[in-house]
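Notes for the one structure printed next.
The values are calculated or read from the model by the stated rules, or taken from the named source; none is laboratory data. Here the structure is a predicted model, which means the values were calculated and not measured. Positions of Cβ are backbone-derived with ideal geometry, glycine not excepted, and every protein chain shown enters the neighbour counts.
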Amino acid sequence: MTRPSFRFLLVLVLGPWSLVLPAAASAPAVSLAAASDLISCLDALNAAFLQIENPRSKVENPTTLTVATGSSGNFFAQIKNGAPYDIFLSADLSYPRALIDAKLADPASLTPYAVGRLVLWTTRTDLALTDLATVVRDPRVKKFAIANPAHAPYGRAAQQTLDRLGLSGDASPKLVLGENIAQTAQFVQSGNADAGLVALSLVLSPTLREPARWHEIPASLHAPLEQAAVLTSRGAANPAARRYLAFLRSPAARKIFERYGFVIPAAPGP
C-alpha cells in the first residue's frame, strides 16, 4: 500500500473546515565566482542589489547571495569541471569568452562591467613611488610582489609591464607571487613584500589601515584589464542570477565601480 505524500501540501484544521496552503517556495539564491580585485567592491555591489531585490517591506523568501573570490584562471578551471556557480565575474574578458566557446555559459549574457587599473603600491614611507624602475632597482626593496601570471590577469599585466620596461631581470630575484591579486596586496600590506603591483580597487579599500600611497602604471604598458561577467549554464536558468547581471549594467553599479577606481567600459555601438 502506498502512503499518501504530504510533501507539497500543508493542511490546517480550523474547526469543521480545512485550509489547504501550498508549501513555501524555496528562496532565490545566486552563487557568484568573482575575481579577487572585487573583494571590497563586492560588499557595496551586493548590498545595493539586495536593497533593490529585497525591499524593506516584508519579503517572505528573500534572495540570498553566496560569494567566492579568487583568481579568474582558477575559477575558469573550476567551472569547466562542474563547479556550481551561477555568475562568473572575471578580471579578464578571455575567460568568459572561453566558457562560451565551451558551451558552458550563455553567449547573450556576456557583460563587460569594468576596466581594472594596475598600480605600484607600498606601505613604506621611505620609498618614493615616482618611478617603477627606481623602486624595483632600489637595494632596500628585497621582495617585490605580483600576482601569479599563470592564472591571474593582474599578474600577467604586471609581468608585461616589467618586460616592456626592461625590468624583468632586476625584478626576478625579488619576486614574490601571490595566488591572486588579493593575496598579492596582502603581501604588501603585511610588510612581507616591500612593494608590489596590485589592483587599484584593493588599494582604495576602506578597510586598509595605512594611508594609500600608490602610483598608477600607464595602461599602455600592458594589455587592457577588461573585466566581464557571464551567466554559466546553471545560472542561465536562474531568474535571480539574470537580475543580478542586469544590475551590474545599472547606473548604481557603475557608480560603485568608479568609487573603487575602475574605469567603466564604453557602451557597445549599434
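Entry remark, segment 230-259: residues being among the charged types (D, E, K, R), in a helix (DSSP H, G or I) and farther than 26 Å from residue 204 by Cβ number 2 in total. In segment 87-111, the residues that are in the same structural domain as residue 181 (by TED's automatic domain parsing) never reach a residue that is not basic (Lys, Arg) with C-beta atoms less than 6 angstrom apart, at least six apart or across chains.
I want to confirm something. Restricting to segment 114-156 and keeping residues that are part of a strand (DSSP E or B) and either touching a Gly at 6+ places or on another chain (Cβ under 9 Å) or at pLDDT below 95 (or both), which single residue is surrounded by the most Cβ atoms within 10 Å (Cβ to Cβ)? Result: 147. Residues in segment 230-243: is at least one within 18 Å of residue 136 (Cβ to Cβ), of a type in the set (A, V, I, L, M) and over 17 Å from the mean Cα position of the chain (by Cα)? Within segment 230-243 (the criterion being within 18 Å of residue 136 (Cβ to Cβ), of a type in the set (A, V, I, L, M) and over 17 Å from the mean Cα position of the chain (by Cα)), the answer is no, since none of the residues qualifies.
When you scan segment 240-260, do you find a residue that is surrounded by fewer than 17 Cβ atoms within 10 Å (Cβ to Cβ), of a type in the set (A, V, I, L, M) and out of contact with any His (no Cβ under 7 Å at 6 or more places or on another chain), even just one?
yes
Every listed requirement among (1) of a type outside the set (Ser, Thr, Tyr); (2) assigned by TED's automatic domain parsing to the domain that holds residue 240; (3) modelled with pLDDT under 80 is met by residue 38 save one, (3).
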